[in-house]
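The values are calculated or read from the model by the stated rules, or taken from the named source; none is laboratory data. Quick caveat: nothing in here was measured; it's all calculated off a predicted structure. When we count neighbours, we look across all protein chains shown, and the Cβ atoms used for this are built from the backbone with ideal geometry, even at glycine.
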Amino acid sequence: MAHKEWHIDRLKMKPGLVWQMAVNSLKVRISRTTLTLLTIATSSAFLIYLLTLPRSDDLADQQTWYLMLGLSVLVSAAGVLNTMLMSVSQRYREIGTMKCLGALDKFVLFTVMVESAILGFVGAVIGVLVGLTISILLGLLEYGFSLFQYLQFDWILLKILAAFALGIFLTTFGSSIPAVIASRMPPMDAMRGEK
Amino acid sequence: MSSLHTKTIPASDMPDRPAFNWLEDTGEDADLTVMTRDVTKIYQMGEEKIHALGGVNIKIATGEYISIMGPSGSGKTTLFNVIGGLIKPTSGNVFIDEIDVAQLDANELAWLRCRKIGYIFQSYNIVKVLTALENVTLPMLFAGVPPDEAQDRAVYILGRVGLGDRVLHTPKELSGGQQQRVAIARAFANKPSIILADEPTANLDLKTGE
């Protein structure tokens, strides 16, 4: 009978390699990265600006404010989800190739998720900084140095946290769907871009 | 459709080894690396069923060099993909060193692709965002080779395929022939037992192809 020269083994995923690949992918696709960052940053900047906007007790004003908040979240969610979906869908071939070389399903998945989370985090940092700056500058123009009496800066940490959570959730959620599909496909189907 | 014409050629560096005839069961199972049993593959294209493979039985021994020839659409690439564990056959079994590939879970399959099989594709399929060196290093990193060692070996193999001065170039900066040589280097990275090459020179000019 045949002698076995080797036996089937299992591969381990290396977190360091996941990080390295994610960062490399962001660096190499710098124009797409910038575009995605811009989308996320704009969304969270507008969110922070709205959340710190001075509010009157007038009911009509309140309703307008909630409407703006709802609409802005909806629009930014659609924008970010679309960007992330597209960016992963364009990489089916690359994912298939990596699977041929022995990439584990979870390696593919984690790389995409880490990449998205970095985008969401950095985008939110930029967005929060820009949003706060705009809010404070406009407040200064309108109210002078007593601006903090008018701007809604109470619960500010919670509001910043909300912007971060939204940014990271939208990017990871948007990329998770195509990433899960691509990582589970047989390599050749992924390389052909079939769904 | 399944008019697969197969021809065996003894490896040139093993002149003493007789050509292995896959049509007959010679009982020479000792060195058997790949065996397929009644492998079929049916693609469903809307209403139409395309029988790409109609019960293929093939045996490939260790050290053997086999060319599979046939007109386009005869199922060469499908057979390549089925043997390589890149797609699942509709029915039948593929054995690699006596292990039924269908029995393996996703992780074991990844190990098999990583350590035991080297793929060379018609359309290169090298990762566009990585340099030549990184492309060759990647399968070794997946296999758990320490990064320094992987890099040394990648540089060595790239040198062997004549790209010693091109290691840090990205695929965009390489010609078609050079990209395919990166793919060949990558296929050899983990010292696989099986090298599968699907028309590796189809996209190259005659001189580079040779």
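A:L35 fulfils the conditions (1) of a type outside the set (V, I, T); (2) in a helix (DSSP H, G or I); (3) free of Cβ contacts under 8 Å to residues at least 12 places away in the same chain except for a single criterion, (3).
Total residues in the range A:4-23 satisfying the condition of being surrounded by fewer than 19 Cβ atoms within 10 Å (Cβ to Cβ), part of a helix (DSSP H, G or I) and within 12 Å of chain B (Cβ to nearest Cβ): the figure is 4. Screening the candidates A:L101, A:L109 for the property of being under 30 Å from B:T137 (Cα atoms) and touching a Phe, Trp or Tyr at 6+ places or on another chain (Cβ under 8 Å) yields one hit, A:L101. Between A:L67, A:L26, the distinction of being in contact (Cβ under 8 Å) with a residue 40 or more places away in the chain and in a helix (DSSP H, G or I) belongs to A:L26 only. Among the residues of the range A:148-164, none qualifies, meaning not one is within 22 Å of A:M21 (Cα to Cα) and under 14 Å from the mean Cα position of the chain (by Cα). Checked against (1) at pLDDT 85 or above; (2) of a type outside the set (V, I, T); (3) under 30 Å from A:V28 (Cα atoms); (4) buried (at least 16 other Cβ atoms within 10 Å of the Cβ), B:Y124 passes all but a single condition, namely (1).
For the range A:44-58, the condition of being within 13 Å of chain B (Cβ to nearest Cβ) and part of a loop (DSSP other than H, G, I, E, B) holds for none of the residues. Per the conditions (1) modelled with pLDDT under 90; (2) facing chain B (nearest Cβ under 10 Å), the sole criterion not satisfied by A:D61 is (2). Against the numbered list (1) surrounded by fewer than 24 Cβ atoms within 10 Å (Cβ to Cβ); (2) more than 27 Å from B:V34 (Cβ to Cβ), B:A132 comes up short only at (1). Are there helices (runs of 4 or more DSSP H) fully within the range B:96-188 with at least 3 residues that are out of contact with any strand residue (DSSP E or B) (no Cβ under 7 Å at 6 or more places or on another chain), within 12 Å of chain A (Cβ to nearest Cβ) and under 19 Å from A:P187 (Cα atoms)? List them. Fully inside the range B:96-188 and qualifying: B:106-111, B:132-143.
Of the residues making up the range A:91-109, those that are buried (at least 22 other Cβ atoms within 10 Å of the Cβ) and either of a type in the set (K, R) or away from every other protein chain (no Cβ under 14 Å) (or both) number 2. A residue that is surrounded by fewer than 21 Cβ atoms within 10 Å (Cβ to Cβ), within 14 Å of another protein chain (Cβ to nearest Cβ) and not in a helix (DSSP H, G or I) can be found somewhere in the range A:70-90. All conditions but one from (1) modelled with pLDDT under 90; (2) in the same structural domain as B:F188 (by TED's automatic domain parsing) apply to B:G84; the one that does not is (2).
Please determine, by comparing only the residues of the range A:24-43 that are among the polar types (S, T, N, Q) and facing chain B (nearest Cβ under 9 Å), which one is farthest from A:G167 (Cα to Cα).
A:N24
Number of residues in the range B:84-95 that are surrounded by 17 or more Cβ atoms within 10 Å (Cβ to Cβ) and within 12 Å of another protein chain (Cβ to nearest Cβ) equals 6. If the condition is being within 17 Å of the chain's Cα centre (by Cα) and modelled with pLDDT of 90 or more, then the range A:79-107 contributes no residue at all.
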